[in-house]
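Some notes on the structure that comes next.
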Amino acid sequence: MKKICYILVLLSIFSCEDVINVELNNAQSKLVIDASIDWFKGTSGNEQDIKLTLTAPFFDAEVPPATGATVFINNSEGTQFNFIEDGQTGIYRTTEFIPEIDETYALTVIYEGETYVGQESLKSVVDIDYVEQIDDGGFTGEETELKAFYTDPAGVDNYYLFEFIAEIASFPELEVYEDEFTDGNQIFGFYTEEDLEPGDLVTIRNHGVSERFYEFMFILLQQGADDGGGPFETQPATVRGNCSNITNPDNFPLGYFRLSEVAELVYVVE
């Protein structure tokens, strides 16, 4: 009798064909500030851009740009670098930025009558020494592992953002590291991908970042981890960046204002 009941329950579940329309509450859109100033080693760093977008409802396919804003950065001496929008894309560009290690910069965004500000210092980074490839890595023993080695400066607190950009992947892989237990040692950023083939290109970038950005990104990456988000997990909270709305503090922006020196190496998979 129990078996018959179980079968009836299963049939009732799998025979359901009704379309369920999920109605979600639409919150007020927020400004998203993607202000990542990257100074690649060996370049002048004068060309920079800042991207402004707006949050959108969950099922919207497109991310709306925040157009018509006034965007500029000031250094500690009061020099102002104006970012001009490229059409109506929400991407604001300058060709006059002057990067300087450990200089403090202040970002100002004026959008729809409200002023958003952020402050950060430009952090240095060491070169990538070399890349080591392992072909039988991962849990299955069939993944290609790349280790990008770098030598951490001794006696200085350092924080790093590693970016691995593979031609075969839709999105870059991001990892953050700090040197609390590895100060002054040669260590590595780590990347693994089972679909890498000989001849594939992987662009590896090491960014010097501040402690605050490290903590921000660490939490953000934890929330987006593949092994998170179970049915009984605490729901992710909004991760606040280092930008604020001084006109209307309750209408705070999302995103971050970051300045980094960047070491880049393009690796050819063997």
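Couple of notes before you dig in:
- L161, L220 arranged by Cβ crowding within 10 Å, fewest neighbours leading: L220, L161
- Given charges at beta-carbon only (K, R positive; D, E negative), |dipole| of the stretch 128-224 in Debye: 420 debye
- Other-chain or far-sequence residues with amide H under 5 Å of E85's (modelled H): R93
- Residues F213, F40, arranged from fewest to most other Cβ atoms within 10 angstrom of their Cβ, appear as F40, F213.
- Cα centroid of the stretch 163-227 to Cα centroid of the stretch 78-128, whole Å: 24 Å
- Only one residue of F162, I110, S124 has its Cα farthest out toward the positive end of the dipole of the stretch 56-171, where Lys and Arg carry +1 and Asp and Glu -1 on Cβ, and that residue is I110.
- Efficiency of FRET from Cβ geometry, E211 and E143, R₀ 35 Å, rounded to 0.05: 0.65
- Looking at the stretch 48-151, the chymotrypsin sites (Phe, Trp or Tyr not before Pro) that sit in a DSSP loop and have at most 14 other Cβ atoms within 10 Å of their own Cβ are F58, F59, F139.
- FRET efficiency, T95 to S121 (Cβ-Cβ, R0 30 Å, nearest 0.05): 0.85
- Remark: the stretch 161-178, residue by residue, has Karplus-estimated 3J(HN,Hα) of 10, 9, 10, 10, 10, 9, 4, 7, 9, 6, 10, x, 8, 10, 9, 10, 9, 9 Hz, where x stands for each Gly or Pro and the curve is 6.51 cos²θ - 1.76 cosθ + 1.60 at θ = phi - 60°.
- Charge dipole (the stretch 128-224, unit charges on Cβ, about Cα centre) - positive-most of F190, M217, T151: M217
- Net charge dipole size for the stretch 28-84 [Lys, Arg +1 and Asp, Glu -1 on Cβ; Debye, nearest 20]: 100 debye
- This ranking places K51, K123, K41 by how few other beta-carbon atoms lie within 10 Å of each, fewest first, which gives K41, K51, K123.
Bear in mind these aren't lab numbers, they're just calculated from the coordinates by the rules spelled out. Fair warning: this is a prediction, and the values are worked out from it, not measured in the lab. Virtual Cβ from ideal backbone geometry, glycine too; neighbours counted across all protein chains shown.
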